[in-house]
Structures are given as C-alpha cells and as structure tokens.
Amino acid sequence: MLKELLLSFILPFIILSPGYGQSLPAPFDGYPPISAKKNGTINPLSPDPIMNYTWPHPTATDDLESYPLQPLSWVVSNTASFDMGDFTKKGDIVINGPGVIRFDFGQTNAGWLEFESDDLTDSITMSISEYNEPAIVMSGAVNRIKTQPPIKHGQTYRLELNPEFYEGVRFGWINVVSHRQTWHMKNFRLVCQTKPVNYQGSFSCSDPELTRIWYTGAYTVKLNLLKSYFGAILMERTDRFSWTGDAYVAQAASMVAFGNYDFVKANIDYTSRLDNGIASYALYWVLALIDYVNYTGDVDFARKYIDNARAKLDSAYVHFGKSPKLEFYGWDERLGAGFENANITESQYAYSMLSIRAWGDFGGLMTRIGRADLAKKYIGYAAQKMEEERKKKGWQDDFGLHAAADAINTGLTTSAEETLFYERNFTDRVNRVSYSPFNEYFIIGAMAKLQKYGDAVSAIKDCWGGQLRYGGTTFFEVYRPSWNTILGKNDAPPNCQCTYTSLTHPWSAGVVKWLSEEMLGIKPLEPGFRTFEIIPHLADTITAVSGTTPTLRGPISADFDVRSGLTTLVIPAGTMAKRVAIPLGGNSVKSLFLNGKSIWDDKKSTGAFHDVILLKDGYVYVKDLVPGKYQYKVIYNVFHEPKQVTDAPWHYPVDAFIQDSLTSGTWKDSYGKEGFVLFNQLEKGKHLQKLPEYVSSVILRNEANVHLDLPADNNVLTEPSGKTGSFGSVITQDPVPLLETMTIDLKVTGSQLHQVAVYFLDWDNQGRRSEIELFDAKTLQLIAPVQLVKNYKNGKYLVFNYSGSIRIRVNQVRGPNAAVSGLFFDQIK
C-alpha cells in the first residue's frame with residue numbers, strides 16, 4: 001500500500017518538474033565557471049567553500065555556474081597501490097595496484113567527480129556519498145547504488161549517476177577493482193554547481209555553535225537552488241523536485257540569508273498550483289506568500305494571487321473538523337510516521353490549528369493591503385473556529401507537541417491555555433525535539449511566542465547543533481539527538497519511514513529565519529519593512545548578537561553587546577524602526593549615550609529623548625528611529641555576568657539495554673520463560689508463538705516474511721522442542737521506497753515491568769546494521785535512546801525492560817535489510 005501511495009505522489013512530479021528524469025542537451029559538459037569574484041576571507045563558521053565570492057548582480061534568471069574543489073584529506077586502503085606524493089601540489093596520483101582511496105571534501109556539495117588520465121587501462125569504479133560509506137538509495141533512482149564506472153570523454157573520466165550529474169557529495173571514492181599496469185590520474189576534482197547568489201544577510205552571536213547553525217542552514221538552502229526553482233534534496237533518489245511545503249521554510253531562510261527575493265517570487269509562482277497532494281502544503285504556500293509580501297512589500301503580487309490563496313483557505317474551511325485526508329504532516333511517530341498513518345489524531349489537530357493560523361495571517365495581510373472585506377472574512381474564520389474548539393470539553397487534553405505548537409502559533413491562545421500547553425508538551429527535553437527539523441521550526445516558533453527562549457535555544461542546540469556534532473555540514477531530513485551516541489562522525493545514518501535518509505534537506509533550514517527574527521530580533525511590521533522592529537531575545541546564555549537582514553530598501557543591521565553596553569543600528573532610507581529594544585542582561589542602567597551624547601541617566605530622566613525611551617522588562621526601549629546610523633552606549637551601575645544555565649536532563653523511561661551475542665539460537669535456558677514469538681518459523685507467514693497472559697497481541701506492520709530450510713546452525717533459533725533446520729525472520733522491504741522500516745507493536749495489559757529480548761540474525765552474513773527505536777504505544781512518544789545492533793551474523797539479542805504497551809520500530813542502516821527472528825518474554829531478573 002505504501003509503495004503505491006508513494007508512486008501516486010511522485011510520478012506526477014517526475015513529469016511536471018523541470019529537468020527531472022530528462023536528458024540534458026548532449027553533450028552536457030557542466031556549467032560555465034563561476035563569474036563571482038573573491039571578496040574577503042572565508043567565514044570559519046560557514047561550511048560554504050565560496051562564501052567569500054560575490055556576484056555583481058545575481059538574478060532569478062541566472063543559469064547555474066560551476067567551480068572545482070579538491071579534497072581536504074584522503075585515506076588509502078593500500079599505500080603500496082597509490083603514490084600520493086604529488087597529489088597536494090600537482091593533483092596527480094600514480095596507481096600501482098588495486099585498492100581504494102576515500103576522499104573527504106570537507107563539506108557536502110552539489111557536484112560530481114572527474115579526473116583526467118591518458119594511460120588508464122585498469123577496471124575502476126567511482127563512488128560518492130554524504131556520509132563516510134558509498135551511498136545507496138531507494139529503488140526508482142536512476143542509479144540507486146552510487147558506485148559506477150566513470151564515463152570517458154576524451155581523456156576525462158566523469159562519474160555520471162543521473163542526467164543532471166549532480167549528487168550530494170561530501171566523500172568520494174576511487175575503487176581500483178583490477179590492476180594491469182601502472183597508470184596516472186590527474187586533476188582529480190569535484191565539480192560543484194551553484195546558483196549565483198550573495199550572502200546579503202548575516203548573523204553572529206556569542207555562542208559560536210548558534211552562528212554555525214545559521215550559516216549551515218543558509219548553505220543547505222543555497223546548495224538546493226536550481227536554475228528555475230528551489231530544490232528539496234541533493235541526492236537523486238526519485239523525489240528530487242520541488243515540494244511546496246518544504247519550499248515555505250527554504251524560502252523563508254533564503255530571504256534572510258540571501259535577499260534573493262526575485263527567485264523566491266519565481267518559486268512561489270511556480271508552486272502556486274502544486275501542493276504535492278498534501279493538505280498542509282497548500283496552506284504553507286499561503287504562509288509563504290504572506291512571508292514574501294511582508295518582506296518585500298510586493299502587494300501587487302499578493303493581489304495577483306488572492307483568488308488562489310482564497311481557494312486553498314476556503315477548502316480548509318470546508319474540511320475543518322471533518323478529519324480530511326491529510327496524506328502527510330511530518331515524519332515524526334506522533335504525526336503518523338509520514339505516509340504510514342498521516343490521518344492520525346495529532347495530525348488532524350495540528351492541521352486544524354494550522355488552518356486557523358493561515359486564515360488569521362492571511363486576514364492580517366489583507367488588512368495591510370487594504371482589503372478590509374477579506375480581512376474581516378478570514379480573521380472571522382480564525383476566531384470562529386478557535387472558539388468552537390474551546391467549547392469542546394477538555395479540548396487541549398489530546399493535543400500533543402505538534403498540535404500544541406500549531407495552536408500557539410495561531411496567536412489566539414490565552415495565557416492559561418499556553419501555560420497548560422507548555423507544561424504538558426515543551427518541558428521534556430527528549431520529546432520536544434521533533435524527528436523532522438522541518439516540524440521543529442514550528443515548535444521553536446511556538447516557544448518564542450511563549451517567551452521561552454531558553455527552552456528554544458536548548459532545543460535548537462539539541463536538534464541542529466546535534467547534527468553539527470555528528471559531523472554534518474548541511475541539515476538533515478530527519479534526526480534524533482541520540483544518534484550521536486551510537487554513530488561515529490559521519491557514519492551512515494539510519495534509514496526509516498522517510499526512506500533512505502537525506503543529509504542535505506533545505507526543509508530543515510527554518511532555524512535561519514528564527515535566529516534572525518527572534519534572537520537578532522529584526523521583523524517587518526508593515527510590508528517591505530516600511531516599518532519594523534528590532535527586539536533581540538538573548539535567552540539566558542547569550543551576551544552578544546549582531547547581523548543584517550536584507551530588504552529591498554537596503555540592509556537593516558543591528559549589533560548588541562551586553563558586556564560592553566554598546567548597540568549599533570543601521571536604518572535604511574524609506575524605513576522606520578518603530579520599536580527597538582536594547583538588552584541589558586539583567587543589569588540596572590546608570591546612564592545612556594547616543595552617538596557620544598548623554599540622553600538619559602537614572603537621576604535625570606527628562607529631556608528631549610525622554611518621550612522615546614522606556615526601561616522595562618530588562619530592556620531599554622526606543623521608538624521611531626528614522627534612517628541613519630545609531631550607536632548607543634549603556635553605562636551600568638554594576639555589571640553582572642550571566643548565570644550558568646544547566647540544560648534539563650535527558651529522561652528516558654527505558655534507559656538500560658543489554659546486547660547478548662553469546663546465547664545465539666539456543667534460547668530456551670536463557671529467554672522466553674513467559675512466552676515467545678518465532679517469526680515465520682513454521683512456514684512463510686506463519687509464526688510459532690506462545691504469548692504471556694499480559695501480552696494480548698503482537699502486531700507487525702510493513703514487514704516482509706522469510707522462511708528458509710537451513711542446515712543445522714547454532715545461530716538459528718531452535719523450536720521449544722529442540723527441533724532445528726527451519727529459519728524464519730521478518731525483514732524490512734528495502735529498497736522499496738518508505739519501507740526501510742517495520743514496526744512491532746506489543747499490546748500489554750497493566751503497568752508492571754517486564755523484560756523482552758529481540759533476536760537479530762544476519763543469517764547470510766550480509767553486513768546488516770539495524771537501528772531500534774522504542775515508543776509508548778498510546779502517546780507515540782520516544783521512550784528510549786535509539787539503539788544500534790550490528791555484527792549480528794552469529795545472532796544478537798537486544799534485551800530491555802518496559803511497562804505497558806510499546807512500539808518497537810526497526811530501521812535499516814546498512815546491509816540489504818533489517819532482520820528480526822524472534823521475541824522472548826520474561827520476568828525482570
């Protein structure tokens with residue numbers, strides 16, 4: 001069913017998306033060299049290797065350009081086979097035998113591998129990946145195995161994995177399969193493509209990790225800027241086209257980082273009739289239109305698309321409260337795990353709240369562009385439906401994290417409602433991080449509205465900072481912080497309900513806009529920043545923040561340093577800063593200077609500036625700043641260093657695991673005293689089981705069944721009678737799209753602790769690696785750090801204690817699939 005569902009979504013876009021699956025005009029030799037000029041030094045907190053290059057006048061109609069990169073480091077499998085002595089200086093390698101070279105280019109790029117040789121006679125292949133093993137993706141890709149022989153063009157050898165050439169490349173490999181004679185490789189390189197765009201925006205703060213997060217998010221978006229539209233993924237895995245909901249977040253980040261408003265406008269136009277069959281994506285398109293108009297002041301564009309937006313909003317109104325077919329709301333288990341169960345209650349509540357937000361925000365835009373009639377209609381829709389929800393008894397009780405975030409983001413919740421939402425959903429450090437950074441953007445947005453900036457920064461560092469600590473130089477499609485405890489730097493990530501995990505996914509870049517709008521604090525109040533505010537929120541640990549937001553009227557810059565008391569602002573012509581807040585870091589003010597002149601002190605608070613200065617809630621507020629440059633200096637009575645803040649602990653109800661690789665298939669004396677399930681032991685599709693009284697059912701989803709007659713093998717589970725020779729297993733259905741995962745639901749009565757052992761066997765020694773996630777079966781909250789089971793060719797038990805009904809999700813990491821042969825139930829030992 002899932003396979004058919006995916007194809008029903010993807011096939012139309014394979015046809016509609018420009019360039020996808022189509023041969024480019026032959027011969028395609030790539031794109032012209034970049035026309036940008038080097039300007040200054042590289043920013044060490046940005047992963048972008050050409051961040052310090054500037055184009056004179058980039059526009060939306062510019063074609064892609066290219067630049068070469070050499071690797072920063074390499075590892076060889078056999079030093080005798082590869083003479084790398086001239087590689088650093090000349091780019092030359094002498095190949096003397098078979099073996100493998102792995103190159104690391106330092107960051108993920110959009111590109112392809114090439115080299116020259118005039119004497120190659122060996123049999124070779126080349127590989128690429130975003131992680132440190134050659135990449136593999138789902139079926140349907142042009143080349144799902146990202147290892148192929150290069151194509152020869154004269155003396156140039158190029159790895160061509162798809163008609164557009166480019167893939168996501170951090171690592172590259174040369175694999176000398178068989179050797180005949182010594183030969184020479186010259187100018188090995190990664191040819192990278194890029195859309196001309198400049199960093200007109202900037203961000204920096206006293207926490208380097210947050211600064212790195214901003215630039216990494218911006219780079220993630222930049223890599224996916226294609227000739228005519230915003231791409232959604234670097235790796236070619238069949239779904240490399242524009243996804244409208246993804247574009248909402250990518251466009252938001254792009255506006256604050258690059259100010260490429262003409263290209264954002266072109267993409268909104270391109271996606272105006274593409275909702276990917278996903279209900280929420282239609283509404284995200286409306287929010288993207290609102291964002292664009294608020295940032296640019298392009299009210300004519302808003303008027304052009306009023307009818308389009310109304311159709312989307314009116315459809316949501318018709319379906320409100322009727323459990324419409326959503327198709328997708330996010331990859332998180334609580335949202336139905338992507339396409340598996342998208343119409344789950346939490347997703348329905350979230351979509352209802354998203355509808356209310358979209359009506360209200362659109363009504364606000366209509367007010368600003370003079371359409372009072374439409375403003376009244378849609379603001380009325382939002383108020384009406386929110387009031388209807390409130391009349392339902394205990395209406396907040398079933399709202400989980402995502403629905404609560406969407407409710408808060410409507411701007412219509414009361415203080416009491418927000419307190420309840422916060423206490424129930426936002427204080428658990430584990431479960432306030434969504435599996436998709438896309439959805440986490442809306443969660444940290446809600447935290448900002450709750451004024452919980454400390455929690456938001458903590459969640460940002462757990463989600464996006466965790467990806468950096470894993471070794472990421474771009475942001476991912478999905479991520480769990482506990483990956484970092486089971487994976488080494490840049491190891492292959494788990495694959496799951498999202499299929500083979502993308503490590504360069506611009507839907508994850510919303511944090512860029514959040515940091516510019518919430519931490520730096522620059523937000524438009526009227527379309528095009530005709531009026532705006534600068535209200536920074538430094539949480540508990542930040543002492544300085546600075547940056548620039550590009551606007552069509554000119555850049556708005558702000559620089560706040562609490563320690564020095566200095567604030568510098570640049571207000572461009574044609575704008576006014578209606579509200580500016582200078583953060584004090586909890587310190588009391590003795591006096592305030594503007595451009596070297598005293599304008600306020602604690603003994604004399606009168607004068608020409610008194611009516612525009614207010615001390616409140618830890619800020620000095622000034623208002624109505626006209627164009628110009630302003631430098632404020634705060635003198636404190638006493639300066640207090642910010643207090644050290646300790647993050648909330650990671651709390652998992654299940655936090656102790658044992659991996660037993662000794663017992664093997666002879667389980668009877670060690671496990672299963674209370675019950676067992678031997679999957680497909682009797683025949684394909686027929687399990688041998690004896691469930692304990694407290695387990696009413698074991699339900700599997702998305703599994704494939706395996707039953708084999710094997711020679712006697714101590715690793716294969718024996719039957720309770722001691723009979724051997726039959727092997728059974730349930731496996732994930734790799735490489736079928738979305739089926740790189742399976743679930744095992746244990747329906748359990750009571751709340752007593754029990755032990756379960758899950759038996760994994762890599763029966764044909766295919767190098768299987770599998771990830772295991774545990775969820776509460778009712779709330780679908782994560783209840784354990786993820787576990788990695790590997791090297792299980794001789795069998796391995798994953799043993800843990802649990803209470804109540806649980807879901808075990810088994811994900812493929814490497815190998816042909818993930819394989820589980822049995823479950824064994826026991827009392828706590």
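Couple of notes before you dig in:
- Of all residues in the range 646-658, none satisfies being out of contact with any helix residue (DSSP H, G or I) (no Cβ under 7 Å at 6 or more places or on another chain), buried (at least 16 other Cβ atoms within 10 Å of the Cβ), modelled with pLDDT under 95 and not in a strand (DSSP E or B).
- Evaluated against (1) within 38 Å of the chain's Cα centre (by Cα); (2) assigned to a strand (DSSP E or B), Gln681 falls short on exactly one condition, (1).
- Annotation: Ala573 fulfils all but one of (1) touching a helix residue (DSSP H, G or I) at 6+ places or on another chain (Cβ under 9 Å); (2) modelled with pLDDT of 95 or more; (3) aliphatic (A, V, I, L, M); (4) in a loop (DSSP other than H, G, I, E, B); the unmet one is (1).
- Number of the exception - Asn801 against (1) within 30 Å of the chain's Cα centre (by Cα); (2) closer than 29 Å to Ser434 by Cβ: (1)
- Residue in the range 211-220 that is in a loop (DSSP other than H, G, I, E, B) and open to solvent by 10 Å² or more (accessible area, probe 1.4 Å) present: no
Yes or no, residue by residue, for (1) assigned to a loop (DSSP other than H, G, I, E, B); (2) surrounded by 15 or more Cβ atoms within 10 Å (Cβ to Cβ); (3) within 42 Å of the chain's Cα centre (by Cα):
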| residue | (1), (2), (3) |
| --- | --- |
| Leu688 | no, yes, yes |
| Ser696 | no, no, yes |
| Ile699 | no, no, yes |
| Leu717 | yes, yes, yes |
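- Looking across the range 384-412, the residues that are among the aliphatic types (A, V, I, L, M) and in contact with a Phe, Trp or Tyr (Cβ under 8 Å, 6 or more places away or on another chain) come down to Leu401, Ala403, Ala404, Ala405, Ala407, Ile408.
- Candidates Ala337, Ala316 - the one that is of a type outside the set (Phe, Trp, Tyr), assigned to a helix (DSSP H, G or I) and over 16 Å from Pro527 (Cα atoms): Ala316
- Checked against the criterion of being touching a residue at least 40 places away in the same chain (Cβ under 8 Å) and either basic (Lys, Arg) or touching a Pro at 6+ places or on another chain (Cβ under 7 Å) (or both), the candidates Lys376, Lys391, Lys325 yield just one match: Lys325.
- Residue match in the range 576-598 (condition: over 25 Å from Lys633 (Cβ atoms) and surrounded by fewer than 19 Cβ atoms within 10 Å (Cβ to Cβ)): no
- Scan of the range 134-166 for residues that are among the charged types (D, E, K, R) and open to solvent by less than 40 Å² (accessible area, probe 1.4 Å), ordered by number: Lys146, Arg158, Glu164
- Qualifying residue in the range 221-239 (condition: within 30 Å of Ile128 (Cα to Cα), surrounded by 23 or more Cβ atoms within 10 Å (Cβ to Cβ), at pLDDT 95 or above and hydroxyl-bearing (Ser, Thr, Tyr)): no
- Test: Ser729 is touching a residue at least 12 places away in the same chain (Cβ under 8 Å), polar (S, T, N, Q), closer than 17 Å to Lys793 by Cα and outside any loop (DSSP other than H, G, I, E, B): yes
- Evaluation of Asn637 against (1) surrounded by 13 or more Cβ atoms within 10 Å (Cβ to Cβ); (2) modelled with pLDDT under 95; (3) in contact with a strand residue (DSSP E or B) (Cβ under 7 Å, 6 or more places away or on another chain) (one fails), failing number: (1)
- Some residue of the range 178-186 being touching a helix residue (DSSP H, G or I) at 6+ places or on another chain (Cβ under 9 Å), under 30 Å from Ala558 (Cβ atoms) and touching a residue at least 12 places away in the same chain (Cβ under 8 Å): no
- The residues on offer are Thr427, Thr419, and the sole one that is in contact with a helix residue (DSSP H, G or I) (Cβ under 8 Å, 6 or more places away or on another chain), surrounded by fewer than 24 Cβ atoms within 10 Å (Cβ to Cβ) and among the β-branched types (Val, Ile, Thr) is Thr427.
- Long-range neighbours under 7 Å by Cβ, at least six apart or interchain, first residue aliphatic (A, V, I, L, M) within the range 293-320, second open to solvent by 30 Å² or more (accessible area, probe 1.4 Å): Val293/Val299
- Counting only helices (runs of 4 or more DSSP H) that sit completely within the range 378-449, those holding 1 or more residues that are under 27 Å from Gln251 (Cβ atoms) and of a type in the set (A, V, I, L, M) correspond to 401-408, 437-449.
- Residue in the range 312-321 that is under 32 Å from the mean Cα position of the chain (by Cα), surrounded by fewer than 23 Cβ atoms within 10 Å (Cβ to Cβ) and among the small types (Gly, Ala, Ser) present: yes
- Check on Gly445, closer than 20 Å to Leu538 by Cβ, open to solvent by 10 Å² or more (accessible area, probe 1.4 Å), touching a Phe, Trp or Tyr at 6+ places or on another chain (Cβ under 9 Å) and touching a residue at least 40 places away in the same chain (Cβ under 8 Å): yes
- In the range 340-378, the residue that is farthest from Ser280 (Cα to Cα) out of those that are open to solvent by 20 Å² or more (accessible area, probe 1.4 Å) and hydrophobic (A, V, I, L, M, F, W, C) is Ala372.
- Taken together, the residues in the range 167-199 that are among the polar types (S, T, N, Q) and either surrounded by 18 or more Cβ atoms within 10 Å (Cβ to Cβ) or at pLDDT below 95 (or both) amount to 4.
- Test: residue in the range 560-567 that is in a strand (DSSP E or B), in contact (Cβ under 8 Å) with a residue 40 or more places away in the chain, closer than 15 Å to Lys633 by Cβ and not small (Gly, Ala, Ser): yes
- Residues that are surrounded by 20 or more Cβ atoms within 10 Å (Cβ to Cβ) and of a type in the set (Val, Ile, Thr) number at least 3 in the following strands (runs of 3 or more DSSP E) confined to the range 790-829: 806-814.
- Pairs where the first residue, in the range 515-542, is without any contact (Cβ under 8 Å) to a residue 40 or more places away in the chain and the second is among the β-branched types (Val, Ile, Thr) and open to solvent by less than 20 Å² (accessible area, probe 1.4 Å), C-beta under 6 Å, 6+ apart: Ile522/Ile534; Ile522/Thr549; Ile522/Ile556
- Single match in Ser81, Ser127, Ser117, Ser123 (criterion: farther than 30 Å from Asn495 by Cα and in contact with a Phe, Trp or Tyr (Cβ under 7 Å, 6 or more places away or on another chain)): Ser117
- Any chance Met519 is of a type in the set (A, V, I, L, M, F, W, C), open to solvent by less than 10 Å² (accessible area, probe 1.4 Å) and in contact with a Pro (Cβ under 9 Å, 6 or more places away or on another chain): yes
The values are calculated or read from the model by the stated rules, or taken from the named source; none is laboratory data. Quantities reported herein were computed from a predicted structural model and do not represent experimental measurements. Please note: Cβ atoms are built from the backbone with ideal geometry, for glycine as well, and neighbour counts cover all protein chains shown. Heads up: the accessible areas ignore ligands, DNA and RNA and are worked out on the full protein's heavy atoms, side chains in. Shrake-Rupley method; radii C 1.70, N 1.55, O 1.52, S 1.80 Å.
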